[in-house]
1. Treating each Cα of the range 31-152 as an identical point scatterer and ignoring solvent, apply the Debye formula and state log10 I(q)/I(0) at q = 0.09, 0.11, 0.15, 0.22 Å⁻¹.
2. Just to verify a number: FRET efficiency for Asn216 and Arg509, C-beta to C-beta distance, R0 = 45 Å, to 0.05?
3. Got a sec to turn the phi values of the range 243-250 into Karplus ³J(HN,Hα) couplings, 6.51 cos²θ - 1.76 cosθ + 1.60 with θ = phi - 60°, whole Hz, x for Gly and Pro?
4. Kindly identify the range 396-446 as rounded, prolate or oblate by the Cα gyration tensor criterion: order the square roots of the eigenvalues as a ≥ b ≥ c, call it rounded if a/c is under 1.5, otherwise compare a/b with b/c, prolate if a/b is larger, else oblate.
5. Quick one: which of 169-179, 338-348 comes out on top by average Cβ neighbours within 10 Å, and what's the full order, highest first?
6. Whose amide H sits under 5 Å from the amide H of Gln418, counting only residues 5 or more places off or on another chain, with H placed in the peptide plane?
7. I'd like the Karplus ³J(HN,Hα) series for the range 205-212: coefficients 6.51, -1.76, 1.60, θ = phi - 60°, whole numbers in Hz, and an x wherever there's a Gly or Pro.
Amino acid sequence: MLHLKNYLKSIILVSCIFFAASLRAAVNEELISLEAEMLKYIDTNDREAFIRASEKLIEASKEAEDERMLFKAWGNQGIYEATHQNYEGALETAKKMIDYARQEGSTYGEYAGIHLRAMTLFEQQNYDEAQRAFLEAIDFRRRHFPNESSAEDLQELMKIAYYRGDITTAKKYGYQMLAEPNVTPHHKGRALSRLSIMAFEENNVEEFNHVYEEMNRLTQTDGIKLIDLFTEVNYHIINADYKQALLLVDRLAVDTCAERKAIIYHRLGDNEKAYEYMVLFKHISDSIERASHSRDVASLYLRMNNDRLRLESELLTQQNGNLRHRYYFAVGTILILILLFIIYQRHKIVRMLKRDNTMLNYGKKGAERTLKELHELSFYESKTDMPLNIPLNINRLCDHLTSVIQKHCYRGVTTIFQSEFPDDFEILTNPEALEKLLSHLLNNSARYTEKGIIWLKCANVEKFVRFSISDTSLGHDNPTDEGSTAQYSNINLNICQSISHQLRGRIWRDTEYTGGIRYIFEIPKNCN
């Protein structure tokens with residue numbers, strides 16, 4: 001009888017646990033459904049619908065006592081305002097979150113509000129205030145969550161310092177990222193890669209070698225390949241092993257190879273060869289300088305011609321002093337005609353110089369852009385061991401990119417992001433390369449779309465994530481303007497092809513789409 005009672009108690013206990021779990025699962029399902037409803041409107045201009053959906057989620061989260069979902073929904077209201085360029089509204093939302101969190105004693109909510117404020121200021125390009133806010137977020141996290149990494153906030157601080165050209169401060173934040181507790185391998189990898197470049201630029205041999213060793217160690221412990229051919233060449237250059245550097249450098253892209261060789265031969269003291277390779281690398285800039293020199297020569301010739309005419313006029317006056325009165329009218333007429341001719345020629349030359357100057361400015365800007373795309377293209381074409389095992393939240397990335405590109409669109413153009421994946425879905429790839437590819441495609445769309453819509457969509461296609469970028473433009477690969485624009489666009493697409501290959505994906509233009517231009521890019525969910 002006693003065993004039967006114990007058995008019944010066990011059944012009742014298990015039933016209660018199962019019922020509580022079922023109830024909790026039902027609550028979670030409701031929250032997820034409300035979150036999906038909210039996210040459906042976050043990238044639209046229907047603010048009323050978005051606020052209504054987010055408020056429902058906030059109330060449901062309060063009832064379910066789900067602290068993180070509550071502040072996630074509330075934070076999304078601030079993100080909505082920031083992405084629609086209502087920065088004051090976003091900052092006000094962050095303030096309300098912080099006040100409410102302090103009132104309720106929620107440390108997580110207070111941190112979420114501080115982080116939202118920092119991200120809003122960063123989007124606003126208010127770098128001074130953003131820096132202070134990120135530092136506040138780091139200090140708060142370390143006091144209340146000592147076992148959690150602050151690498152994400154430190155990474156944003158490193159970006160701010162690097163944008164400002166403050167390499168010393170950028171390096172400081174990079175080393176702090178490496179020292180964080182429980183820092184993820186991909187955060188370590190990003191910090192080390194940036195630190196190696198900055199150490200090489202400063203010719204700091206000791207620091208570069210230390211970072212290089214750490215990159216090797218991370219490869220051995222976590223399997224993340226960080227040292228590519230470019231880094232290897234830099235390693236031999238900075239350590240004065242020029243013979244080995246010259247053996248490797250020819251495997252780089254042509255322009256990168258020329259630039260590295262210029263550095264090598266300069267350090268070897270062979271300035272003649274260094275100059276030769278620097279000329280090869282900067283031939284476009286040299287062409288601009290030669291054209292500018294031609295303009296200066298034309299201006300000098302005009303002044304010399306004026307001086308010659310003045311002297312000839314004075315000599316003519318002396319030779320014909322006795323006949324001045326007799327030939328006054330004839331000479332005066334000739335002089336007037338000469339002056340008129342000089343004025344006409346001068347005006348013509350000045351007009352030509354202005355036109356040439358304008359063309360030179362356009363050419364210089366176009367050449368600088370082209371040189372910079374060419375450099376990027378060679379960088380990705382020279383990549384042989386790009387790490388492809390770094391986790392990435394694609395919804396967060398795409399949402400950020402569409403909000404950034406909106407600022408560069410023509411007036412009246414709207415950007416939209418739609419995704420078939422849940423908000424916490426992640427893939428394994430190379431985040432920086434994928435961000436660069438999507439940025440190029442979105443920038444091309446913004447460049448040629450004067451009105452209408454630019455869509456970025458993420459679709460679930462078996463083992464792949466399919467990105468599609470659609471717009472209402474007349475076309476990218478056959479632009480209507482002349483000169484550098486077409487070259488810039490074609491180089492952009494070549495870069496996208498190169499990055500696509502590196503990411504083990506494929507990219508193509510959807511010829512069936514008739515509303516404008518659509519490019520489709522597929523990448524494996526797991527490149528390993």
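Every number in this text was worked out from the coordinates using simple rules, so none of it is lab data. Note that this is a predicted model, so its numbers are computed, not measured. All Cβ positions, glycine included, derive from the backbone under ideal geometry; neighbour counts span all protein chains shown.
1. These q points yield log10 I(q)/I(0) values of -0.24, -0.36, -0.68, -1.27.
2. Values: r = 41 Å, r/R0 = 0.91.
Calculated transfer efficiency: 0.65.
3. Values, residue by residue: 4, 5, 4, 5, 5, 8, 5, 5 Hz.
4. Values: a/c = 2.93, a/b = 1.54, b/c = 1.90.
Oblate shape, in that a/c is at least 1.5 and b/c is the bigger or equal ratio.
5. Details: 169-179: 18.5, 338-348: 11.4.
For the peptides 169-179, 338-348, the packing ranking is 169-179, 338-348.
6. Those lying under 5 Å, H to H, from Gln418 are Leu456, Lys457, Cys458.
7. Computed from phi, the couplings for the range 205-212 are 4, 4, 5, 4, 5, 4, 5, 4 Hz.
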